[in-house]
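Below is one structure, written out as C-alpha cells; the observations come after it.
The values are calculated or read from the model by the stated rules, or taken from the named source; none is laboratory data. On a predicted model such as this, the values are computed, not experimentally measured, just so you know. Reconstructed Cβ throughout: ideal geometry from the backbone, glycine too, with neighbour counts over all protein chains shown. These accessible areas exclude ligands, DNA and RNA; they are computed on the full protein's heavy atoms, side chains included. Shrake-Rupley method; radii C 1.70, N 1.55, O 1.52, S 1.80 Å.
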Amino acid sequence: MILKKNIITRKTFDEVMLPIYHPASFIPVKGLGSRIWDQEGRDYIDFASGIAVTALGHCHPDLIKIITKQSCMIWHTSNLFTNEPALRLAKKLVDTTFAERVFFANSGAEANEAAFKLSRYYSIKRFSNKKTKIIAFKQSFHGRTLFTVSVGGQKKYSNNFGPKVPDILHVNFNDLNAVQSVVDKNTCAIVVELIQGEGGVRPANFQFIKGLRDICNKYNALLIFDEVQSGMGRTGKLFAYEHYKIIPDILTTAKALGGGFPISAMLTTNKISELVEIGIHGTTYGGNPLACAIAEKVFDIVNNKNFLQKVIDKGHFFFKILYKINKKLKIFQEIRGKGLLIGAVLKPKYIIKIHDILKEVSKGVVVLSAGNKVIRFAPSLLITKEEIEEGLERFFQLTKEFISR
Ligand SMILES: *Cc1c(COP(=O)(O)O)cnc(C)c1O
C-alpha cells in the first residue's frame with residue numbers, strides 16, 4: 001500500500017488514536033521556557049506545564065545537557081542491576097525528607113499502586129490479614145490503574161470496569177468526624193492529597209491533616225500523602241507536607257519529578273521496609289538511569305531555598321493579578337491554592353460554560369480545569385513575572401470577549 005501524504009494534523013488523532021481524550025485543536029511542536037508554539041507558528045503562554053509536569057519549563061538547558069550526557073552512557077539496565085543515578089537521587093530524597101527508603105516507578109499511578117500494595121502488605125504481615133481497609137476522600141484522584149481508581153474518590157473514573165478493589169471507603173475531604181466514624185482496627189491506611197489537584201485545587205486544612213496523623217497513630221494505620229501533583233516545589237516547599245509539619249508513613253511523588261521525563265517515586269520508612277521481602281513488587285522501567293539522571297538534575301535545581309522562595313513570591317504575584325482580573329470580570333467566587341498551584345472557582349452562572357471558556361482562552365494561553373467548576377493554573381516554577389503578566393493579560397482579554405458575547 002502506498003502511504004498517503006505524510007501530513008499530520010489534529011484530524012489524524014480522530015482517525016488513529018483511542019478516543020479517550022479530546023485534545024486541543026492545535027498541535028504543539030516546540031516549547032521554550034513558558035511558551036509553546038503550534039504547527040502554524042502561533043505561540044501560547046503555558047500555564048499548565050503538561051499538568052504540573054514541566055516544572056522547569058520547556059527545554060531547560062541543564063536538562064538538555066543531562067539527557068544528552070546520560071543518553072551517551074547508559075539508558076536502561078533493568079533491576080537486575082542497580083545504577084548510579086538512581087542511588088544518587090534516592091540518597092538526595094532520603095537526605096531531604098522524612099524518608100529512609102525509596103522505590104522508583106514511572107507514573108503517579110504506579111507510585112500509588114506501590115504505596116497501596118505496600119500498606120496492605122505491611123498491615124497483613126505485621127498485624128492481621130483482616131487489616132486491609134483503606135480510607136480515602138471524595139473528589140480525590142490517585143491515578144488510573146484499577147487499584148488507584150478504586151481508591152480515588154470520583155466514580156466517573158472507576159465505573160464500568162467491573163469489580164473494584166474491595167475494602168476501600170470514601171468520606172468527605174477536610175471532615176475529621178467522617179473519618180472517625182469509619183476508622184477501626186482493621187484500617188491499614190488513610191490516603192490523602194494535601195491539595196486535591198484534579199478534584200478542584202482544594203487545600204487540606206491543618207487541623208484535618210494533624211487529626212489524620214493522630215487517628216493513624218491510634219489505630220496503627222499508615223498515613224499516605226499523595227504528593228504526585230503537590231511535590232517537588234509546586235507549592236513553594238520541596239514537598240507540601242513541610243507546610244503542615246506533619247510526617248506521613250508513605251509519600252508518593254511524580255509529575256514534576258522528571259521535569260517532563262516519566263518517573264515517579266514512593267518514599268517510606270525503615271519501619272515499613274523492614275517487612276518487605278525480595279520480589280514482592282517490581283517494575284521493568286522504574287528507576288532506570290536515564291530517568292533518574294534527569295530527575296536528579298531537576299531535584300538539584302528545585303531543592304534550593306532561593307528557588308522555592310521565588311515560587312512563593314510568583315504565586316502571590318499570580319494571585320494578585322487574578323484578583324485584579326476578577327474585580328473587572330466578576331467570574332470567580334474564590335481563588336485558592338498554594339505556591340504555583342492555583343485554582344479559580346467559577347461562579348455558578350459560568351460553571352456550565354467552563355469548557356467554552358477554556359476553549360476560548362486556549363487561543364493564547366494554556367490553562368487547565370480541575371473538577372467541573374475550577375480553572376487550574378500550574379505554570380512552570382521558573383516562569384517570569386513578565387510571562388505571568390503576559391499570559392494573564394491574554395487570559396483576561398479572551399475571557400472578557402467571551403463573556404461579553
Ligand atoms: C496526576 C496524579 C496522579 C496520577 O499520575 P499519573 O502519572 O497520571 O499516573 C495521582 N495522584 C495525583 C494527586 C495526581 O495529581
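For residue 209, work out the one condition from (1) touching a residue at least 40 places away in the same chain (Cβ under 8 Å); (2) farther than 25 Å from residue 49 by Cβ; (3) within 16 Å of the ligand (Cβ to nearest atom) it doesn't fulfil.
For residue 209, the exception is condition (1).
Take the range 245-283 and flag every residue that is away from the ligand (no atom under 16 Å from the Cβ), open to solvent by 10 Å² or more (accessible area, probe 1.4 Å) and in contact (Cβ under 8 Å) with a residue 12 or more places away in the chain. First the steps, then the outcome.
Let us first name the residues in the range 245-283 that are away from the ligand (no atom under 16 Å from the Cβ), namely 245-247, 249, 268-282.
Pick out the ones that are also open to solvent by 10 Å² or more (accessible area, probe 1.4 Å) and you get 245-247, 249, 269-271, 273-282.
Result: 246, 247, 249, 269, 270, 271, 273, 275, 276, 280, 281, 282.
Could you say whether any residue in the range 217-232 is buried (at least 22 other Cβ atoms within 10 Å of the Cβ) and among the acidic types (Asp, Glu)?
Yes, that holds for at least one residue.
If you go through the range 65-120, how many residues are within 16 Å of the ligand (Cβ to nearest atom) and either closer than 19 Å to residue 231 by Cα or among the hydroxyl-bearing types (Ser, Thr, Tyr) (or both)?
Qualifying residue count, the range 65-120: 15.
Residue-wise test of (1) in a helix (DSSP H, G or I); (2) aliphatic (A, V, I, L, M).
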| residue | (1), (2) |
| --- | --- |
| 234 | no, no |
| 252 | no, no |
| 266 | no, yes |
| 271 | yes, no |
| 276 | no, yes |
| 280 | no, yes |
| 283 | no, no |
| 291 | yes, yes |
| 294 | yes, yes |
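Regarding residue 386, is this residue surrounded by fewer than 21 Cβ atoms within 10 Å (Cβ to Cβ), assigned to a helix (DSSP H, G or I), free of Cβ contacts under 8 Å to residues at least 12 places away in the same chain and not hydrophobic (A, V, I, L, M, F, W, C)?
So residue 386 passes the test.
Please go through (1) part of a strand (DSSP E or B); (2) touching a residue at least 60 places away in the same chain (Cβ under 8 Å); (3) open to solvent by 50 Å² or more (accessible area, probe 1.4 Å) for residue 30 and return the number of the only condition it doesn't satisfy.
(2)
Filter the range 368-381 for residues that are modelled with pLDDT of 95 or more, surrounded by fewer than 22 Cβ atoms within 10 Å (Cβ to Cβ) and not in a strand (DSSP E or B) and give the result. Steps first, please.
Here is the first cut: in the range 368-381, the ones modelled with pLDDT of 95 or more are 368-370, 373-381.
From the residues that got through so far, the ones that are surrounded by fewer than 22 Cβ atoms within 10 Å (Cβ to Cβ) too are 368-369, 373.
Residue satisfying the conditions is 373 alone.
How many residues does the range 121-148 contain that are of a type outside the set (Ser, Thr, Tyr), surrounded by 21 or more Cβ atoms within 10 Å (Cβ to Cβ) and within 10 Å of the ligand (Cβ to nearest atom)?
3
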